[in-house]
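First comes the structure, then the notes that go with it.
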Amino acid sequence: MTTTRAGGRSGGPFSTFNLSSGVGDDPATVTANRARVVRELGLAGLVFLKQVHGRDVAVLREPPRARPGTGGVAPDIADVDAVVTDVPLLGIAVLAADCVPVLLGDPVAGVVGAAHAGRVGAADGVLDAVLDEMVALGARPEQVEVLLGPAVCGACYEVPAAMRAEVDAALPGSASRTRRGTAGLDLRAGLTRRLADRGVTRVGLDPRCTVEDPDLYSHRGEGRCGRHAAITWLDPRPEGAPAGRPAR
């Protein structure tokens, strides 16, 4: 699932459901927003990352200890851009405000992953890294289901022509042309192609563009702003059992 900017306690440029602790928002407000996610989704805990536009992956085989008074939110995991777990009801989250949030899951093997795929990380292979860690825990590419979340679209993501060529060489299929006729990048297109190369064909796409949709945060469009989140978890509860209300 993905959140939007609506329904939280943040104010100013972070209004209102900012989930990032690294953009200058009030820490207590961010904690309250995150605790709402835990509460409404019925999770046993929730983990966020301190993302650095890299390809390192955290693998969680047991739930991390939440800090007292945080409503089940664990401390951020430093210096990683992806996370994999097989722990039931442990929510794993990535933050974005133009980059591509990627959610992955093998419901047969019982393994889920999440990755923050910005221009640098996507080109450096963060998607391959998270898939490799999922396979190490028993996932099979043909069983993996993927959601590419909302991100800046290829018609809005203008970059220098040399940068487009460099990224497209590392992530084929990502080159695009903007509405202005200039060089651009469509990272979701490149990631979709890379997933197919890895044998992953069950791919869903959230078509929303963060620059164009006012319900989402956009660093390119707004400058200083909050971050929405893409969150996944393993849910062992029988179908139809209460799972909380989705965060808005």
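Each reported figure results from applying straightforward, stated rules to the coordinates on display, with no laboratory input. The structure displayed is predicted, hence computed values, not measured ones. Neighbour counts are summed over all protein chains in view; Cβ atoms, including those assigned to glycine, are modelled from backbone coordinates with ideal geometry.
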| Over the stretch 87-183 - Rg/Rh using Cα atoms and the Kirkwood inverse-distance radius | 1.04
| task | Could you go through the stretch 104-115 in sequence order and give the Karplus-derived ³J(HN,Hα) for each residue, using 6.51 cos²θ - 1.76 cosθ + 1.60 with θ = phi - 60°, rounded to whole Hz, and x for Gly and Pro? | result | 10, x, 10, x, 7, 6, x, 9, 10, x, 9, 9
| remark: Semi-axes (Å, rounded, descending) of the ellipsoid equivalent to the stretch 102-248 per its C-alpha gyration tensor are 28, 20, 11
| query | Which Cys in the chain stand alone, with every other cysteine's Cβ at 4.7 Å or more from theirs? | reply | Cys99, Cys156, Cys225
| note | Which of (i) 0.96; (ii) 1.02; (iii) 1.26 gives Cα Rg over 2.2 N^0.38 Å as computed here? It is (i)
| Of Val159, Val167, Val211, the one that fluctuates the most in a GNM where the chain has Cα springs shorter than 10 Å | Val159
| task | Please quote Rg/Rh for the stretch 1-127 to two decimal places, taking the Kirkwood radius as Rh and restricting both calculations to Cα atoms. | result | 0.95
| said: Over all directions, the average projected area of the alpha-carbon convex hull for the stretch 1-63 comes to how many nm²? | reply: 5.2 nm²
| Hey, with R₀ at 25 Å, roughly what FRET efficiency would Thr201 and Ala136 work out to, going by the Cβ-Cβ distance, to 0.05? | 0.75
| note | Around Glu142 (Cβ within 14 Å, Cβ-to-Cβ, excluding Glu142; K/R +1, D/E -1) the net charge comes to 0
| field | At most 11 other Cβ within 10 Å, DSSP loop - chymotrypsin sites (Phe, Trp or Tyr not before Pro), the stretch 1-89 | value | none
| field | Computed label-point distance, nm, for sites Val120 and Glu145 using a 7 Å Cα→Cβ extension | value | 3.4 nm
| request: Take the alpha carbon atoms of the stretch 18-55, find their center, do the same for the stretch 81-142, and report the distance between the two centers in whole angstrom. | output: 17 Å
